[in-house]
Structure formats: C-alpha cells, structure tokens
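Structure, as structure tokens:
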Amino acid sequence: MPKHLLPILLTGLICVVPARANDIAQHVDESRTLVQDFSQSLKRELQRGMKAGGPVYAIGVCNVNAPTITASIGAESGWDVGRTSLRGRNPINKPDDWERHVLETFEERLLSGEEASEIEYFEVVQQDGDDVFRYMRAIPTVALCESCHGSVLDSAVKERLRDLYPMDRARGYRAGDIRGAFTFAKSLSTDAAVDTDE
C-alpha cells in the first residue's frame, strides 16, 4: 500500500467506529422506547378485558388484539417487533436460536440476583450477509399475570385457554419470574440506505 494512503485509511477507520457506536446507542434508545409503547399498549388492552369480563374475557381480548398491536408498532416504527418465550402460549412466537440463547441467559441473570424488569440484551449479528441490530427485554411476571399464567387457574380459564391455545405452555409462573421477552430487530444496512437517500 502506498504510504500516502495509510493516514487516509486510518482516518476513515477512526470515523467509522464512533459512527457505528452512535448507531448502536440510538438503536438501544429506540428499542427501550418501543418496549414502553408495546408493554403499555398490551397492558391497556389486558386491563380493559379484565374490567369488562374478567380473565376469561381478557384472554379473548389478548388473542385478538395482541397481534394487531404488534403489527401496528412494527409498521409505525420500521422494526421487526414481537414477543417470545421459552414456555410460550402461541407457537407463532416460538424463539429462534438466537432468542432462545438470550432467554436462557436471562434466566441465569435472574438467578444471579438481577431484577427481571431490568434485564435486557442487544447485539449486532450477521443475517444473510446483513448487519442486524437485535434487542431483547425480559417480561417480568406480575400479580395480574397469574390469573392466566399462574400455577392455579380457574376451570373456566383453563377451558378458554384450551380453546384458543391448544399448545399452551405458558403456565406455572409466579410474580418475579421471567415470562418471556420483547424482541426487536432492525437492519443497519436499511438505516444506511435511508441516510444516503436523505
């Protein structure tokens, strides 16, 4: 390599590293905002269902409205948005290999003393030759969840779950457990293309 090109190359690398770090920090902030929006929207629907007809009715509300909320937030934000769990209720939300590994580390972190509500993880991974930012945030089990996800369920709740989720495994949780996680992904290449267009 010609010596006169070396300073130019080094300068380019120095610029790229902070730029990527800034991108990651921005994506982490966006992810945390999405968690708040997503969780609050789901909570509102759950509370509305509980108030209208108790746990049995709320299960139906979640069954219909949760996918709509997920799709809406994804469309508005431009992110791939979802929820997943090691013991899920809907097989559509089954974790991929990366998500499964993260969920397993979440359980380890919980056992080591971290609060479920504070556990998160993010990473840039390669997917089909593309750099993708991935983020997960643990979903803690709270008292309200135990009506439909706890160890002791009302017979009517069990029947409703059997009708809507015949492959349900999301039971036996106690307050403080990790019930699953919010999972988000976004291509960094897509962001770069948008910046170039602008």
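The values are calculated or read from the model by the stated rules, or taken from the named source; none is laboratory data. Computed from a predicted model, the values in this text were never measured in an experiment. Glycine gets a Cβ as well: all are built from the backbone with ideal geometry, and neighbour counts include every protein chain shown. Side chains are part of the model used for accessible areas, which takes the heavy atoms of the whole protein and leaves out ligands, DNA and RNA. Shrake-Rupley method; radii C 1.70, N 1.55, O 1.52, S 1.80 Å.
Computed quantities for the displayed model
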read-out: Length released on extending from Leu188 to Ser155, taking residue separation times 0.36 nm less the Cα-Cα span; value: 7.1 nm
read-out: Per residue convex hull volume, Cα atoms of the stretch 112-158, in Å³; value: 137 Å³
read-out: Zone residues, the stretch 64-93, relative to Glu123, backbone N less than 20 Å from point 7 Å out along Cα-to-Cβ; value: 80-87
read-out: Segment Arg44-Asp29, length gained on full extension (0.36 nm per residue, minus Cα span); value: 3.1 nm
read-out: Length gained when the stretch His101-Leu164 is fully extended (0.36 nm per residue, less Cα-Cα span); value: 19.9 nm
read-out: Helix 155-164 axis, angle to the chain major axis (alpha carbon atoms, nearest 10°); value: 50 degrees
read-out: Backbone N under 20 Å from the Leu111 label point (7 Å along Cα→Cβ), restricted to the stretch 66-98; value: 85-88, 98
read-out: Cα long-axis angle, helix 188-197 against the chain (0 to 90 degrees, to the nearest 10); value: 60 degrees
read-out: Accessible-area composition of the chain, carbon plus sulfur, in percent [1.4 Å probe]; value: 55 percent
read-out: Ordering of 28-35, 162-169, 80-87 by burial proxy (mean other Cβ atoms within 10 Å per residue, highest first); value: 80-87, 28-35, 162-169
read-out: Selected from His27, Ser77, Asn90, residue furthest toward positive end of dipole (the chain; charges at beta carbon); value: Asn90
read-out: Mean ellipticity per residue at 222 nm, deg cm²/dmol - from DSSP H runs of n ≥ 4 across the chain, formula -39500 (n - 2.57); value: -19500 deg cm²/dmol
read-out: For semi-axes √(5λ) of the Cα gyration tensor in Å, calculated from these coordinates, the label among (i) 26, 20, 17; (ii) 40, 18, 14; (iii) 37, 20, 15; value: (ii)
read-out: Folded to 0 to 90 degrees: helix 6-77 orientation relative to the chain principal axis, Cα; value: 10 degrees
read-out: Other-chain or far-sequence residues with amide H under 5 Å of Arg169's (modelled H); value: Gly88, Arg89
read-out: Cut-off under 5 Å, modelled amide H: who pairs with Gly82 long-range; value: Thr183
read-out: Under 5 Å, built H, 5+ apart or other chain: amide partners of Arg179; value: Ile139, Thr141
read-out: Accessible area expressed per residue, the chain, with surrounding protein chains retained (probe 1.4 Å, Å²); value: 60 Å²
read-out: Farthest toward positive dipole pole in the stretch 55-180 [+1 Lys/Arg, -1 Asp/Glu at C-beta], among Gly172, Val142, Ala66; value: Gly172
